[in-house]
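What follows is a short report on a single structure.
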Amino acid sequence: MGKTTFVGAVSEIVPLTTEAMMTDASAGVDDVGLVPHKTTTTVAMDFGRVSLDRDLILYLFGTPGQHRFWFMWDDLVRGAIGAVVLVDTRRLADSFPAVDYFEEARLPFVVGVNGFNGEYTHGEDELREALTLGPQVPIVRVDARERESVKSTLITLVEHALSSHVGAAR
C-alpha cells in the first residue's frame, strides 16, 4: 500500500527498509489479487527520520498491517504523536484493523489515501462512511512517491495531533 515508499520519499536519512521479494511461501499470507504486479512485501518495519527543527525530530515507522505484525504496534505507539493510516482504495478492508487500533489507543491519526498516478476512485464522503470515520479524522490525498505530497500529509498529522492535544487539555 506504499508504506516503504512513503517513508523513503521524505526521510532525510537513507531509510532502513525491510522489503523482500515475494515467494511461493507468501501465498495465502499476502493477498495480491487486486495488485497482481506487486513483487515485494515488507517483512518487518521501515524506519526514517525528518528533522522539523534542530531539537525536534520526527521518527517515521512504516509498519505492515498484517495480523502477524500487530505485536509491534503497542511498542511503537508509546510516545508517538500520531499515525498515518495509508489506504489503498483497491484494498480498503486492509485498513480497518489500523483504524480500529488507533481509535482504541486514542492516538490521533489521519487517513492518507494513496493515489496512484493521481487516481482517486472514491470521494471523501464514501471513504469516511466505508471506514466509519468521524468528522474529526482528517482524510488527505497523497502520492507516496512524491516528497511534497508526503510532507503535506505529515504536516496535516502534526497539526491534527496538536489540535487533538489542545482540545483534550481543555
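Rule-based calculations on the coordinates, nothing more; no lab input. Model, not experiment: these values are computed from the prediction. Backbone-built Cβ (ideal geometry, glycine too); neighbour counts: all protein chains shown.
What dipole magnitude, in Debye to the nearest 20, does the stretch 3-169 give about its Cα centre under +1 on Lys/Arg Cβ and -1 on Asp/Glu Cβ? Present the calculation step by step, with values, prior to reporting the outcome.
Numbers: 14 positive and 24 negative charges, 60 e Å.
Dipole size: approximately 280 debye.
For a quick check: with amide H placed at 1.01 Å from N, whose amide H comes under 5 Å from residue 60's, ignoring anything fewer than 5 positions away on the same chain?
48, 49, 50
Per residue, what volume in Å³ does the Cα convex hull of the stretch 3-169 take up?
Working: hull volume 20.4 nm³, N = 167.
So the per-residue Cα hull volume is 122 Å³.
Starting from the 7 Å offset along Cα-to-Cβ, what nm value, one decimal, do you get for the label separation of residue 77 and residue 132?
Those two pseudo-labels are separated by 1.6 nm.
Quick one: net charge of residue 89's neighbours, Cβ under 14 Å, K/R +1, D/E -1?
Charge balance in the 14 Å sphere: -4.
Compute the separation of the alpha-carbon centres of the stretch 59-76 and the stretch 96-170 and state it in Å as a whole number.
Computed from Cα coordinates, the inter-centre distance equals 17 Å.
Take the stretch 49-146, drop everything but the C-alpha atoms, weight them equally and run the Debye formula without solvent; then report log10 I(q)/I(0) at 0.11, 0.14, 0.24, 0.25 Å⁻¹ to two decimals.
-0.35, -0.56, -1.41, -1.46
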